[in-house]
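Student: If you scroll down you'll find the structure; I have some questions about it.
The values are calculated or read from the model by the stated rules, or taken from the named source; none is laboratory data. Just so you know, these numbers come straight off a predicted model, no measurement behind them. Cβ sites come from the backbone with ideal geometry, for glycine too, and all protein chains shown count toward neighbours. Accessible surface is based on the protein model in full, side chains and every heavy atom, while ligands, DNA and RNA are left aside. Shrake-Rupley method; radii C 1.70, N 1.55, O 1.52, S 1.80 Å.
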Amino acid sequence: MENINSKKLRVGIIGCGKIAQTRHIPEYLLNEGVEVVAVSDVNCKRAKEVATDNDIPFYFQNYEELLNMPDIDAVSVCTPNATHAEVTIQALNNQKHVLVEKPIAINIEDAEKMVDLAQNKNKILMVGYNQRLSPIHNWVKSYIKNEGIGKVYQFQSNFQHGGPGNWSVDGKNSWFFDRKEAGFGVTVDLGVHKLDLLQWLINDEVYQAQSFLSFNDKASVEDNAVFIVKTKSGVLGTFSFSWNNPQQDHRTVIYGEKGRIILGESYHGAIVELNNGEVIEKELIPQLRPDGFLNSGVVDHFVQCVRTGRQATASGIEALKTMKILLDQVNG
């Protein structure tokens, strides 16, 4: 068998919507060890345009044709939520490593099948939780681990913006608002990020939660959500998610016995305010791409994991933990 480390990693993109166009494709193209071979989309016109604009050799309407290409090593799954499991399972069965956008699936049974299959096939299954790869979040995690604010007691975390109608390629007609295709609304779109991030930052797991959801008149999925949680070590926390705040709110505050850490006052900064009056301000800007946008690090991490065989920081196993909490609340 050809050593994957001795050649360029050959990649296919399944789904050519906004996340594929603004993150996956640009970041794969910037990685010198990668060749993007093919794209697919149910909208064949869109697939052709994306392939043409990015000098990608092949495009398909049916993703199975892409998966049947024997020389493709890995795929990104950027399709609507409800199809994540189906596409990922077929990709794994076709011996491809998979980077799937969040959420990993829209039900626990499918997510468990994906995780088990990846292990059985000895393939990387990574979920696009980009916030674990942020430099400032890694600094905060290290600061908490080194007891900079002492024992953590409580946290508050917001993730609010104007909703996918403002940025999706299909605007107000986006599949994000269709329960059949999305499965859920803001809870899974934004909630997975913050719930995963906070558990990772404080190295703890939520074991008890209560949620409150609301719907506007036009949406079939929830567009506002508040969660109250308690972790295994007794930390209390609240989350607030919304698609109805165009001014946006990304603020997170983590309280400890020695002080507090504030995230979200700026996109890439943290402020530590200690009880003794000391204030530490930290700003760590991620690498910029040539187009001026941030390199999320998601694709580079995935490629590195495929080459080394190491488990991704945002593995399918980690994503499954978060989804169990969220789906228990939304379905409860």
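Student: Just the number, please: Stokes-Einstein D of segment 1-88 in µm²/s, Kirkwood Rh from C-alpha pairs, 37 °C, 0.692 mPa s.
Tutor: The calculation lands on 253 µm²/s.
Student: Here is a follow-up. Suppose a student asked you for the relative contact order of the chain, using Cα pairs under 8 Å spaced at least 6 residues apart; what percent would you report?
Tutor: This gives 18 percent for the chain.
Student: What whole-number volume per residue, in cubic angstrom, does the convex hull of the C-alpha atoms of the chain give?
Tutor: 134
Student: Calculated from DSSP H runs of 4 or more alone, at -39500 (n - 2.57) each and per residue, what is the 222 nm mean residue ellipticity of the chain, nearest 500?
Tutor: Taken over the chain, the calculation gives -9000 deg cm²/dmol.
Student: Let me ask another. Using the Kirkwood formula on the Cα atoms of segment 193-330, what hydrodynamic radius do you get, in angstrom to one decimal?
Tutor: Hydrodynamic radius (Kirkwood, Cα pairs) of segment 193-330 is 17.7 Å.
Student: Quick one: with all protein chains in place, what share of the accessible area of the chain is carbon or sulfur, to the nearest percent (1.4 Å probe)?
Tutor: 47
Student: Taking only protein heavy atoms and a 1.4 Å probe, what accessible area per residue, in Å², does the chain have with all protein chains in place?
Tutor: Value returned for the chain: 46 Å² of accessible area per residue.
Student: May I ask you to order 277-285, 129-137, 53-61, 71-79 by the average number of other C-beta atoms within 10 Å around their residues, highest value first?
Tutor: Final packing ranking: 71-79, 129-137, 53-61, 277-285.
Student: Tally Lys and Arg at +1 and Asp and Glu at -1 over the other residues with C-beta under 12 Å from the C-beta of Tyr59: what net charge comes out?
Tutor: My count for the surroundings of Tyr59 gives -2.
Student: Where does the charge balance sit around Asn120 when Lys and Arg score +1, Asp and Glu -1, over other residues with C-beta under 15 Å from its C-beta?
Tutor: +2
Student: Here's something else I'd like to know. Full extension from Thr313 to Leu236: what is 0.36 nm times the residue separation minus their Cα-Cα distance, to one decimal in nm?
Tutor: 25.3 nm
Student: About the Cα centre of the chain, how large is the charge dipole given +1 on each Lys and Arg Cβ and -1 on each Asp and Glu Cβ? Please answer in debye to the nearest 20.
Tutor: That gives a dipole near 460 debye.
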